[in-house]
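One structure below.
Derivation of every value follows stated rules applied to the coordinates shown; laboratory data play no part. This is a predicted model, so every value here is computed, not measured. Neighbour counts run over all protein chains shown; Cβ positions are idealised from the backbone, glycine included.
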Amino acid sequence: MEQKIEIQEKEKSVKQDHTVVDIQQLKKSFGGNHVLKEVNLQLRKGENLVVLGKSGTGKSVLIKCLVGLIVADEGKLQVLDKNVMELEGKELNELRTRVGFLFQSGALYDSMTVRENLEFPLRRQSKSKSQEELDALVMEALENVGLSEAVDKMPSELSGGMRKRISLARTLILKPEIMLYDEPTTGLDTITSKEISTLILAIQKKYQTSSIIITHDMECAHIVADRVIVLNDGKVIGEGTYDELKNSSTKEIKDFFE
Amino acid sequence: MSKEQMVTEESSDRQSFQNLKNFFLEVSGIALFVGRFFKEVFFPPYELNEFTKQSYIIGYRSLSLVGITGFIMGLVLTIQAKPTMAEFGAESWIPGMVAVSLIREIGPVITALICAGKIGSGIGAELGSMKVTEQIDAMEVSGTNPFKYLVITRVLAATFMIPILAILSETIGLFGSYIGVNITGQVSLRFFFTQVFESLDFIDVYPAIIKTFFFGFIIGIVGCYKGYNSNKGTEGVGAAANSAVVMASLLVFIIDMIAVQITSMMM
């Protein structure tokens with residue numbers, strides 16, 4: 001009996017060790033609008049977690065809280081063993097370099113070429129890198145997304161799908177341990193959406209990243225998800241694998257799969 | 001008073017109260033923004049490359065506009081003043097009068113207003129569009145302080161470039177005046193500039209130069225504040241650019257009024 005308890009505790013501690021994001025009772029309001037009411041979720045190492053939810057249910061707010069872009073009102077927000085709500089300045093910036101964030105719009109810097117966009121985070125993190133080293137890292141990141149020929153183009157010369165891929169390359173160039181994707185396939189055609197979803201999966205396998213993917217795109221969710229949670233009215237209403245949730249009897253969850 | 005009139009009056013009172021509230025919120029917002037600027041400007045990292053790039057954009061790319069305007073100011077001022085001065089037999093005072101007017105007042109203020117239009121709106125629109133397309137957030141999550149990279153560099157560049165542009169504009173304006181004098185008369189360049197320098201004193205030049213640093217600072221900070229805090233999508237970008245020009249122009253006049261008072265006391 002004692003041995004069994006010991007094994008259970010050991011398993012529990014291993015599981016906790018592998019939790020890279022731990023959110024408990026997270027709350028966020030904007031004025032009288034309670035966007036996140038009581039969100040609890042854990043992201044495990046190497047896992048792709050898809051967050052589904054209708055527009056305005058606070059999905060983007062949730063991942064912005066994780067990197068301190070939005071300050072949560074209450075709750076526990078542990079990312080890579082750091083309490084985000086207590087971090088400031090240099091410590092917060094250090095954590096941010098370990099967490100990649102792909103914005104919905106791509107957020108490429110319009111006034112810079114693709115090369116300058118990719119060099120930007122590198123120059124800020126490690127000023128001692130030579131130009132040759134920077135070039136090598138830039139080319140490696142672009143080859144990962146299959147766009148090495150776009151290195152000297154301006155963002156305005158790129159298509160929507162290319163912009164997303166370049167943004168992904170810029171995010172990956174710092175080799176983050178966690179990736180946060182804010183609607184990575186929004187505004188893209190079906191074929192390009194599928195390509196981006198496959199790329200997300202390939203990146204997870206290559207770099208062993210843990211990812212939270214916010215999406216409405218069920219095909220993307222199906223391709224990338226190891227686990228899915230459903231947000232509704234600021235709360236998690238369902239959690240499981242894609243197939244488990246597909247067979248759920250809860251109306252709000254079923255609606256996504258129909 | 002009818003019920004309808006009472007409702008209209010009440011709604012107008014509420015609107016006035018809201019406008020007053022917005023005004024104070026704006027003032028406190030700018031004060032906090034300026035406070036943050038001084039809190040961060042002295043500490044590393046110093047974004048020297050971006051500062052140089054912004055100085056090039058703000059300074060070099062405004063040269064032709066400021067130069068042409070300065071030339072026209074000097075020329076027009078001379079042509080307009082000439083008949084009146086001739087009436088009093090004081091044509092020889094034209095170089096001195098134009099120099100004092102240009103250097104003390106017209107040069108700095110007109111240059112600042114042109115820069116408020118060109119540079120203030122440019123900064124407001126650029127930062128506004130970066131804000132609504134999440135580029136500022138992207139900078140922040142990559143571990144860069146966007147305030148240092150975007151705001152401090154632009155404000156410093158505007159603060160140091162606008163005085164240079166004003167001096168250039170005034171110098172070109174004096175050449176414009178020289179041409180204006182020579183349209184109907186014949187005055188040598190040496191005589192013209194001897195007259196100019198004889199009529200100028202230190203008190204005409206230094207306060208005028210010092211106030212252009214304040215003009216530059218205010219144009220930069222207002223443009224950055226409006227852009228950095230813009231929202232409501234593309235509509236917000238337009239509004240940021242527009243209100244940056246309006247507010248910066250108004251503040252230029254207010255600073256000018258204060259500077260004139262201080263200079264008068266010194267004299």
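Relative to the longest principal axis of chain A, what angle (0 to 90°, nearest 10) does the C-alpha long axis of helix A:89-98 take?
Once rounded, the angle reads 90 degrees.
Please provide three numbers in whole Å: the alpha-carbon extents of the range B:1-40 along the principal axes, with the largest listed first.
57, 8, 5
Of the residues A:Met112, A:Met139, A:Met179, which exhibits the maximal mean-square fluctuation in a Gaussian network model of chain A defined by a 10 Å Cα contact cut-off?
A:Met112
Could you work out, residue by residue across A:94-107, how many beta carbons of other chains sit within 10 Å of that residue's beta carbon, and then give the average as an integer?
Numbers: counts 1, 1, 5, 4, 1, 2, 2, 6, 2, 6, 2, 6, 4, 10.
Taking all residues of A:94-107 together, the mean is 4.
For the range A:55-130, what is the Kirkwood hydrodynamic radius in Å, using each pair of distinct C-alpha atoms? Could you put the intermediate results ahead of the total?
Values: mean 1/r = 0.0697 Å⁻¹.
Evaluated on the range A:55-130, it is 14.4 Å.
Restricting things to alpha carbons, find the Rg to Rh ratio for chain B using the Kirkwood radius for Rh. Numbers along the way, then the final one.
Values: Rg = 22.5 Å, Rh = 20.6 Å.
When Rh is taken as the Kirkwood radius, the ratio is 1.09.
So what are the radius of gyration and Dmax for the Cα set of the protein assembly as shown, in Å?
Expressed in Å, the Cα Rg and Dmax of the protein assembly as shown come to 30.1, 117.
Need the C-alpha centroid separation for the range B:1-68 versus the range A:47-61, integer Å.
35
Once the piece of chain linking B:Ile183 and B:Ile254 is laid out straight, how much longer is it, given 0.36 nm per residue of separation minus the C-alpha distance between them?
Working: separation 71, 0.36 × 71 = 25.56 nm, distance 3.66 nm.
Between B:Ile183 and B:Ile254, full extension yields 21.9 nm more.
Kindly provide the trypsin sites (Lys or Arg not before Pro) of the range A:114-193 that DSSP labels as loop, not H, G, I, E or B, and whose Cβ sees at most 13 other Cβ atoms within 10 Å. Write down the numbers at each step before the final one.
Working: sites: A:Arg115, A:Arg123, A:Arg124, A:Lys127, A:Lys129, A:Lys153, A:Arg163, A:Lys164, A:Arg165, A:Arg170; in loops: A:Lys127, A:Lys129, A:Lys153.
Passing both the DSSP loop test and the Cβ count: A:Lys127.
Does the range B:218-258 classify as rounded, prolate or oblate by the C-alpha gyration tensor (a ≥ b ≥ c root eigenvalues; a/c under 1.5 gives rounded; else a/b over b/c gives prolate, otherwise oblate)? Display every interim value, and only then the final one.
On the way: a/c = 4.39, a/b = 2.53, b/c = 1.73.
In terms of gyration-tensor shape, prolate.
How far apart, in nm, are two points set 7 Å out from the Cα along the Cα-to-Cβ line at A:Ser249 and at B:Ile79?
Label at A:Ser249, label at B:Ile79, 9.0 nm between them.
Give the peptides A:97-105, B:182-190, B:119-127 in descending order of average Cβ contacts within 10 Å, highest first. Display every interim value, and only then the final one.
Details: A:97-105: 22.3, B:182-190: 10.7, B:119-127: 26.6.
Ranking the peptides A:97-105, B:182-190, B:119-127 by packing returns B:119-127, A:97-105, B:182-190.
Please compute the modelled spin-label separation between A:Lys205 and B:Leu63, points set 7 Å along Cα→Cβ, answer in nm with one decimal.
5.6
Once you keep just the Cα pairs under 8 angstrom separated by 6 or more residues, what percentage relative contact order results for the range B:46-266? Before the final figure, lay out the partial values.
Details: 327 pairs, mean separation 80.2, N = 221.
So the answer I get is 36 percent.
Using Cα atoms only, what is the angle between the long axis of helix A:160-172 and the major principal axis of chain A, expressed in degrees (0 to 90) to the nearest 10?
The helix A:160-172 is inclined about 80 degrees to chain A.
Once you sort the root eigenvalues of the Cα gyration tensor of the range B:1-110 as a ≥ b ≥ c, which label holds: rounded (a/c under 1.5), prolate (a/b larger than b/c) or oblate (the other case)?
Numbers: a/c = 3.47, a/b = 1.34, b/c = 2.59.
Judged from the Cα gyration tensor, the range B:1-110 comes out oblate (a/c at least 1.5, b/c at or above a/b).
Under a plain spin-label model, where a point goes 7 Å from the Cα along Cα-to-Cβ, how far apart in nm are A:Phe257 and A:Gln24?
With each label placed 7 Å out from Cα toward Cβ, I get 3.1 nm.
For every helix of n ≥ 4 consecutive DSSP H residues, a contribution of -39,500 (n - 2.57) applies; sum these over the protein assembly as shown, divide by its total residues, and give [θ] at 222 nm rounded to the nearest 500 deg cm²/dmol. Let's see the in-between values first.
Working: 21 runs with 325 residues, N = 525.
Mean residue ellipticity at 222 nm (helix-derived): -20500 deg cm²/dmol.
Using only the Cα atoms of the range B:171-267, build the gyration tensor, take square roots of its eigenvalues as a ≥ b ≥ c, and label the shape rounded, prolate or oblate: rounded if a/c is under 1.5, else prolate if a/b is larger than b/c, else oblate. Walk me through the numbers before you get to the answer.
On the way: a/c = 4.21, a/b = 1.97, b/c = 2.13.
Judged from the Cα gyration tensor, the range B:171-267 comes out oblate (a/c at least 1.5, b/c at or above a/b).
Over the range B:1-157, what relative contact order in percent results from Cα pairs under 8 Å that are six or more residues apart? Could the numbers behind the result be given before it?
Numbers: 52 pairs, mean separation 59.9, N = 157.
Computed value for the range B:1-157: 38 percent relative contact order.
Roughly speaking, what is the centre-to-centre gap between the range A:199-219 and the range B:226-251 when only Cα atoms are used, to the nearest Å?
Centre-to-centre distance over Cα atoms comes out at 38 Å.
May I ask you to derive the FRET efficiency for A:Ile191 and B:Ser199 from their Cβ-Cβ distance with R0 = 60 Å, giving the value to the nearest 0.05? Could you put the intermediate results ahead of the total?
Numbers: r = 75 Å, r/R0 = 1.25.
Efficiency at R0 = 60 Å is approximately 0.20.
Report, in whole Å, the centroid distance computed from the Cα atoms of the range A:81-116 and the range B:98-171.
Using only Cα atoms, the two centres lie 27 Å from each other.
Ordered by packing density, taken as the mean number of other Cβ atoms within 10 Å over each peptide's residues, highest first, how do B:250-259, A:211-220 rank? Provide the component values of the computation, followed by the final result.
Details: B:250-259: 16.2, A:211-220: 21.7.
Descending packing order for the listed peptides: A:211-220, B:250-259.
Cα-Cα over 24 Å: which of A:Lys64/B:Lys148; A:Lys164/B:Lys118; B:Lys21/B:Lys232; A:Lys129/B:Lys148; A:Lys37/B:Lys148? Numbers along the way, then the final one.
Values: A:Lys64/B:Lys148 21 Å; A:Lys164/B:Lys118 33 Å; B:Lys21/B:Lys232 20 Å; A:Lys129/B:Lys148 22 Å; A:Lys37/B:Lys148 34 Å.
Beyond 24 Å between Cα atoms: A:Lys164/B:Lys118; A:Lys37/B:Lys148.
Computed FRET efficiency, Cβ-Cβ of A:Met112 and B:Phe17, R0 41 Å: what is it to the nearest 0.05? List each step's numbers first, then the result.
Working: r = 45 Å, r/R0 = 1.10.
Calculated value: 0.35.
Net charge around B:Ile162, counting only other residues with Cβ within less than 14 Å of its Cβ (Lys, Arg = +1; Asp, Glu = -1)? Please report the intermediate quantities before stating the final value.
Numbers: positive: B:Arg61, B:Lys118, B:Arg154, B:Lys211; negative: B:Glu170, B:Asp256.
It works out to a net charge of +2.
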